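A short write-up of the structure that comes next.
The values are calculated or read from the model by the stated rules, or taken from the named source; none is laboratory data. Just so we're clear, the structure is a prediction, and the values are computed from it rather than from any experiment. Note that we place each Cβ from the backbone using ideal geometry, even for glycine, and neighbour counts take in every protein chain shown. When the accessible area is computed, the model is the full protein with side chains, heavy atoms only, and any ligands, DNA or RNA have been set aside. Shrake-Rupley method; radii C 1.70, N 1.55, O 1.52, S 1.80 Å.
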Amino acid sequence: RSSQLTTTTTAACLSLVGSLVCKKSVTRIDAKNYIDRMKIINILLVIAAVTTSKAFSPATNALSTTNYRGGDLQGSKKNISGSGRARVNLKTSSSSSEKNEASAADDSTSCSIPMASFNLIKGAVGSGVLSLPAGVAAIGDVKSALVPASSMLFTLGAISAYTFHLLGRLTVVANNESAENDSKVTSIGQLWEKEIGASSSWLISAAIFLTCFGTCLAYSIILGDTLTSLAQTFGINGLFATRRANIAAISLLGVYPLSCLKSLAALAPVSLTGIVGILITCVVMAIRALPGGPYSTTAAVGATNYLASLSAELRPSFGVIGLRSPKSLLVLSSMTATAFLVHMAGPEVYQTLQNPTLVRFGKLSAIGFGSTALISAFMMAVGFFTFGGACKGMILNNYSTLDAGATLCRLLMGVSL
């Protein structure tokens, strides 16, 4: 709940930041306008920081007497003790009916390994995979650049799977230590408090806030590019075809109202759109990468060819630069590191797994992160095979606005974001 609340409440602020600072091309601005913009950005960041601190406070997270997420453990106990009757009933009642109800509730909220793996993949694979081809292009514009890129991707995937499994092991240890208190660890914040101490638990809140900050800012940039391309496709000109206007509009009319929802349950069907969007994007990009495709210089005479509608910087480029220095791998490493970033949910995933054991959790980690690595590698390869060194940070930007398949992908990803 803390992660969801932080993400949604900061989305409106950070999207507005994106609308102020993100431009399609860098231009010179005078000092007064620059200072005015920085004042607005600072105000928005303060609002986001205050919202985050409230989201991670014990008073906010103690939403029920039986389910606690994040925050200060001692503070949560005080909040729980304040609801005397509910707490006494849970501790003192030993009737078989109540035990059966508790068992049924646990079964209804637990997940099998396939379902948990699907949720894990859904949380890891998102629009971020569309930036991976640009990471390969930073290494070089020859197809052999995929060798070090793929090696790094699978190496970081293996490390991420191990550290995710390590969170499960720590959860087991923490649960055994707090067994007499009848409480279970469901967040990294609680793990940190038990293993390191409560005095430095603010580091976890800060890390999650910075992650949400970067994610929301990146999504603002992607939305600006996506909506601008869609406007060009449908022949929209003027103000509504500019990135800043599109970002401001979607922030005020879409993101902000959704951030005011008391429950995010209404957004559950939209998450399916993201999965469908990724699958359709995989298929479209694979078809476009085939030899003789519409973006190939060797396309058959009379075949559909979108190259003429692309600017020179967006057209496929191979073998012009070759391989760059090894330090260029740092660009891809920063992208692939976030491609597996689902560790904030590690303890909760373990607790909601059916028959939770370290062996079953290990299988879940291997399936989830292995599948994520394969999907990411596939998207990275087909995008790079199509455009080579010309791959942009958002690979859908390379595709022509006349391409119906790419337009569908942009629309689905825009709705998902």
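Listed conditions (1) assigned to a loop (DSSP other than H, G, I, E, B); (2) more than 23 Å from residue 382 (Cα to Cα); (3) not aliphatic (A, V, I, L, M) are all met by residue 291, apart from (2). The sole residue among 336, 386 that is in contact with a helix residue (DSSP H, G or I) (Cβ under 9 Å, 6 or more places away or on another chain), under 13 Å from residue 135 (Cβ atoms), open to solvent by less than 40 Å² (accessible area, probe 1.4 Å) and in contact (Cβ under 8 Å) with a residue 12 or more places away in the chain is 336.
Per-residue answers, yes or no, for (1) under 28 Å from residue 413 (Cβ atoms); (2) surrounded by fewer than 16 Cβ atoms within 10 Å (Cβ to Cβ); (3) over 20 Å from the mean Cα position of the chain (by Cα):
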position	(1), (2), (3)
162	no, yes, no
165	no, no, no
185	no, no, yes
188	no, no, no
191	no, no, yes
200	no, yes, yes
204	no, no, no
213	yes, no, no
220	yes, no, no
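The number of residues in the range 391-417 being under 18 Å from residue 317 (Cα atoms), surrounded by 22 or more Cβ atoms within 10 Å (Cβ to Cβ) and hydrophobic (A, V, I, L, M, F, W, C) comes to 3. State yes or no: is residue 156 in contact with a His (Cβ under 9 Å, 6 or more places away or on another chain), crowded, with 17+ Cβ neighbours inside 10 Å and hydrophobic (A, V, I, L, M, F, W, C)? No, not satisfied.
Scanning the range 302-338 for residues that are outside any loop (DSSP other than H, G, I, E, B) and more than 23 Å from residue 126 (Cβ to Cβ) yields 307, 308, 309, 312, 313, 314, 317, 323, 326, 327, 328.
Taking the criterion of being part of a helix (DSSP H, G or I) and touching a residue at least 40 places away in the same chain (Cβ under 8 Å), the residues of the range 401-417 that qualify are 405, 406, 407, 408, 409, 410, 411, 412, 413, 414, 415, 416. Against the conditions (1) more than 30 Å from residue 233 (Cβ to Cβ); (2) crowded, with 20+ Cβ neighbours inside 10 Å; (3) under 17 Å from the mean Cα position of the chain (by Cα); (4) modelled with pLDDT of 90 or more, residue 364 satisfies every one except (3). Answer with yes or no whether residue 263 is out of contact with any Phe, Trp or Tyr (no Cβ under 7 Å at 6 or more places or on another chain), among the small types (Gly, Ala, Ser) and free of Cβ contacts under 8 Å to residues at least 12 places away in the same chain. Yes, satisfied. The residues of the range 274-333 that are of a type in the set (Phe, Trp, Tyr) and open to solvent by 50 Å² or more (accessible area, probe 1.4 Å) amount to a single one, 318.
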